[in-house]
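Some notes on the structure that comes next.
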Amino acid sequence: MSKPNDLKTRLHKRLGQMSVIRDEVRVQVHLASMEAKARWDVVEAELFGLEKAAEQAVTEANHVALTAGMTKVKAFRAWLDEKR
């Protein structure tokens, strides 16, 4: 099992990566269709909850949740790229 500080560092790095992707997608969605906006609203709401959970307690379970969040935001970005 990882040391708490190592896990915390990895989680903060993942949060930063997810934030950058989220901001990029937000710009693309602004320029995209209403369908993309509706889909993004669902994904972003889930990401917000995941980010809050990660900030409250650093655990291996949060790492798993954050990884799931990264998967969702990357999948949405890929879907949006296909639509362009």
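Which entries in the list 13/83; 13/72; 13/52; 13/37 go over 20 Å, if you measure between the two C-alpha atoms of each?
Result: 13/83; 13/37 exceed 20 Å.
Contact order normalised by length for the chain, with contacts defined as Cα pairs under 8 Å and 6 or more residues apart; what percent is it?
Computed over the chain, the figure is 43 percent.
Hey, what's the chain come to in accessible area per residue, 1.4 Å probe, Å²?
Accessible surface, normalised per residue, equals 65 Å².
What net charge do the residues around residue 7 carry, taking every other residue with its C-beta under 12 Å from that of residue 7, with Lys and Arg at +1 and Asp and Glu at -1?
+3
Where the Cα atoms of the chain are projected onto their three principal axes, how long is each span, largest first, in whole Å?
Sorted largest first, the three principal extents are 44, 17, 15 Å.
So what is the 222 nm mean residue ellipticity for the chain from helices alone, if each DSSP H run of at least 4 adds -39500 (n - 2.57) and you divide by all residues, rounding to the nearest 500 deg cm²/dmol?
The helix-only estimate for the chain comes to -31000 deg cm²/dmol at 222 nm.
Give me the net charge for the shell around residue 77: Cβ to Cβ below 14 angstrom, other residues only, Lys and Arg +1, Asp and Glu -1.
Charge balance in the 14 Å sphere: +2.
The values are calculated or read from the model by the stated rules, or taken from the named source; none is laboratory data. Nothing here was measured: the structure is a model prediction, and the numbers come from that model. So basically every Cβ, Gly included, is an ideal-geometry build from the backbone, and we count neighbours across all protein chains shown. The protein model used for the area step is the full one, side chains on, heavy atoms only, and it has no ligands, DNA or RNA in it. Shrake-Rupley method; radii C 1.70, N 1.55, O 1.52, S 1.80 Å.
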